[in-house]
Amino acid sequence: MFGERKVKIKIDLNVNGERHQARVDPRTTLVVFLRESLHLTGTKEGCGTGDCGACTVLVEGDPVNSCLMLAVEAHGRRVTTIEGLANDGVLHPLQQSFIDRGAVQCGFCSPAMILSAKALLDRNRDPVEDDIKKALSGVLCRCGSYKKIVESVLALAGNEKKNV
C-alpha cells in the first residue's frame with residue numbers, strides 16, 4: 001500500500017539470563033522472535049494456534065505458548081527457553097532424566113515438555129503422577145511417549161516408587 005510505514009517497537013528482555021534489545025514489528029510472535037532473531041531454535045512452532053504446546057517457553061517461570069504471545073508482551077520480562085537450562089555444557093537434571101528414560105523420541109515436544117515439567121517442579125518438588133499429567137497436558141507428543149515422559153519427571157522428583 002502506498003505510503004505505508006513499517007512501525008517497529010523497541011523491546012528489552014532477558015532471555016536465558018542475557019539481556020536482549022531489539023526493534024520488532026508489533027505483530028511478531030515470541031516464538032518467531034526467539035527462532036529468527038535470537039536463533040534459539042529449540043522452541044518449536046507446531047500449530048501456531050496454541051493447541052499443540054510445542055512452542056512452550058517459561059516467562060517469569062510460568063509456561064506460556066510463545067506462538068500466542070507477542071514479542072512486545074515479553075518486554076521487561078524474563079524468558080527461559082530449552083537452551084537456557086543447561087549450565088556450562090552440563091544438562092539440566094530434567095533433560096538428563098528424559099534421556100536416561102528414553103522419553104525423547106523425535107524430540108519435537110521435548111523442549112516444551114521439559115520446560116513445563118520444570119515449572120511444575122519449581123512450584124512443587126513432590127508432585128504425584130496426576131500433578132505431572134495436569135502440568136504437561138498442554139503439550140502434545142506426536143510419538144505417544146507420555147508414559148516415559150511422566151516417569152522421567154517422577155524419577156527426578158523422587159516419587160517413582162510411590163506412583164508405580
- prompt: Yes or no: S116 in contact (Cβ under 8 Å) with a residue 12 or more places away in the chain, of a type in the set (G, A, S) and touching a Leu at 6+ places or on another chain (Cβ under 8 Å)?
  reply: yes
message: Filter segment 56-86 down to the residues that are within 16 Å of L40 (Cβ to Cβ) and loosely packed, with under 15 Cβ neighbours inside 10 Å and list them by number.
response: A86
task: Find the residue count for segment 125-137, including only residues that are part of a loop (DSSP other than H, G, I, E, B) and free of Cβ contacts under 8 Å to residues at least 12 places away in the same chain.
output: 1
field: Restricting segment 23-32 to residues that are free of Cβ contacts under 8 Å to residues at least 40 places away in the same chain and crowded, with 16+ Cβ neighbours inside 10 Å, the residue that is farthest from the chain's Cα centre (by Cα)
entry: V32
- request: Take C141 and decide whether it is in contact with a helix residue (DSSP H, G or I) (Cβ under 8 Å, 6 or more places away or on another chain), assigned by TED's automatic domain parsing to the domain that holds L40 and within 25 Å of L30 (Cα to Cα).
  value: no
- prompt: So which pairs qualify, if the first residue must be in segment 71-95 and closer than 30 Å to D25 by Cα, the second must be of a type in the set (S, T, Y) and not in a loop (DSSP other than H, G, I, E, B), the Cβ gap must be under 7 Å, and the two must be at least 6 apart or on different chains?
  reply: A71/T29
field: Residue check for L115: within 18 Å of T81 (Cα to Cα), among the aliphatic types (A, V, I, L, M) and not assigned by TED's automatic domain parsing to the domain that holds D62
entry: yes
message: Looking only at residues that are farther than 15 Å from E83 by Cβ and surrounded by fewer than 18 Cβ atoms within 10 Å (Cβ to Cβ) in segment 33-55, which one is nearest to the chain's Cα centre (by Cα)?
response: E45
message: From the list R123, R142, R77, exactly one residue is in contact with a Cys (Cβ under 7 Å, 6 or more places away or on another chain) and either on the phi > 0 side of the Ramachandran plot or of a type in the set (K, R) (or both). Which is it?
response: R142
query: In segment 56-79, is there at least one residue being farther than 28 Å from A22 by Cα and assigned to a helix (DSSP H, G or I)?
result: no
message: For segment 115-154: of the residues being modelled with pLDDT under 95 and surrounded by 19 or more Cβ atoms within 10 Å (Cβ to Cβ), which is nearest to D62 (Cα to Cα)?
response: C141
Close pairs from segment 41-61: first over 13 Å from C109 (Cβ atoms) and in the same structural domain as E18 (by TED's automatic domain parsing), partner assigned to a loop (DSSP other than H, G, I, E, B) and among the aliphatic types (A, V, I, L, M), Cβ under 6 Å, at least 6 apart: G50/L68
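The values are calculated or read from the model by the stated rules, or taken from the named source; none is laboratory data. No experiment lies behind these values; they were computed from the predicted model shown. Note that each Cβ is placed from the backbone with ideal geometry, even for glycine, and that neighbours are counted across all protein chains shown.
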